[in-house]
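The structure appears right after this line, and notes come after that.
What follows is calculated from the coordinates using simple rules that are stated; it is not laboratory data. Remember, predicted model here, so these are calculated numbers, not experimental data. Every residue, glycine as well, gets a Cβ built from its backbone with ideal geometry; the counts of neighbours run over all protein chains shown.
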Amino acid sequence: MSKDVIDTSQWPLVHYVMPDQVNAEEATAHIQALQQVLDRREPFVLIFSGVELPQNSAEFFRQYKAWGKATRHAQALYCCGAVRVEPDAAKRQSLWRKALRYLTSRAIPYPYQVVATSEEAEQQAKQWLRGKV
């Protein structure tokens, strides 16, 4: 797995820094990196940082949507949750409102939280993992 895409060096904490753009040539590598995380068949928590959504990344979004649908059951089994790190309070509030819409629509099969710092993200991740690892 390319560490440029996803960092699993602190497993079961999985770090994904969302780039400004995921061009069509890179889209498959991102999806493959996510799949490799699921293929471990072990509990983990995703910790997201970087931009909210990459720009000019239609192919990535197309593949991500298809992958998410195809792997929903595995995500529910192994992903204990996802934490988004956003230091800016106004952006954090906006992200949380969007996350609530996702959570209430059942678009993602795991808990999701938006926090201000990496330390808060790790604390939340460890809390979710306590009952799974």
Dipole moment magnitude, nearest 20 debye, the chain about Cα centre, only Lys, Arg, Asp, Glu C-beta charged: 740 debye
7 Å from Cα along Cα→Cβ at both His73 and Gln21: what's the point-to-point distance in nm? 3.9 nm
Computed over the range 1-49, the relative contact order (Cα-Cα under 8 Å, seq sep at least six) in percent reads 52 percent
By DSSP, what percent of the beta bridges with both residues in the chain are antiparallel, rounded to the nearest 5? 10 percent
Report, in deg cm²/dmol and to the nearest 500, the calculated mean residue ellipticity at 222 nm for the chain, where each DSSP H run with n ≥ 4 adds -39500 (n - 2.57) and the sum is divided by the residue count. -16000 deg cm²/dmol
Along the range 114-122, what does the Karplus equation 6.51 cos²θ - 1.76 cosθ + 1.60 (θ = phi - 60°) give for ³J(HN,Hα), rounded to whole Hz, x for Gly and Pro? 10, 10, 8, 9, 4, 4, 4, 4, 5
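So what's the projected area for the chain, the Cα convex hull averaged over all directions, in nm²?
Averaged projected area of the chain's Cα convex hull equals 7.6 nm².
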